[in-house]
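What follows is a single structure, written as structure tokens, with notes after it.
None of the figures in this text is laboratory data; all of them are computed from the coordinates on show. This one's a predicted model, so the numbers in the text were calculated from it and none came from an experiment. Quick reminder, even Gly has a Cβ in these numbers, built from the backbone with ideal geometry, and neighbours come from all protein chains shown.
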Amino acid sequence: MKLSLTVEADAINVLALNMGRIAVDIDGIELANLIDVVCDNGYSLRIADTPGKLVMEDPLPPIARVNGIQCSTAHITEADNTLLFTLSHQNEDFGDSEWIHFSGSGYLLRLSAWSFPVLRLKRLGLSKACRRLVVTLMRRYSVGIVHLDACSEVLPGFTTFDW
């Protein structure tokens with residue numbers, strides 16, 4: 001959730017809660033102005049009866065949001081590229097083309113399609129470097145989609161291949 005707001009207040013206290021939620025205590029601000037800005041951004045504001053209660057909610061359920069990242073195909077081997085191309089062009093019912101999609105200049109990996117997508121990638125024969133990239137992106141950024149694209153930027157700290 002991203003909320004842009006310029007306020008002049010006497011004091012602002014922010015408390016991080018679990019599940020990416022925050023509680024904000026603002027002294028010296030007109031509550032009506034704050035509610036207007038929050039509503040203009042598509043969120044709902046609830047006034048807490050007691051400190052520690054949730055103050056603002058995102059109207060979309062967590063299942064409606066998908067986090068993704070785009071990076072260069074230089075992070076995968078030439079053999080990975082060939083394998084991903086083959087898997088993304090299968091014409092079977094319930095094949096791997098349902099979660100590995102060809103994008104023209106790369107591949108979209110829809111990781112939420114499997115409970116253990118990296119294990120599935122290993123069973124399909126993808127390289128350790130490719131699997132390490134996916135695992136790191138999943139853990140570090142909580143991504144659900146990885147877009148490997150030939151025209152994208154190379155991520156620092158990851159192995160690259162010149163093919």
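Key figures
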quantity	calculated
Residues Asp162 and Ser115, FRET efficiency given R0 of 25 Å [Cβ-Cβ distance, rounded to 0.05]	0.15
For the range 69-78, 3J(HN,Hα) per residue [Karplus equation, 6.51 cos²θ - 1.76 cosθ + 1.60, θ = phi - 60°, Hz, x = Gly/Pro]	9, 10, 8, 6, 6, 5, 7, 10, 7, 5
Karplus-derived 3J(HN,Hα), 6.51/-1.76/1.60, for each residue of the range 125-135, Hz, glycine and proline x	x, 6, 5, 5, 5, 5, 5, 5, 4, 4, 4
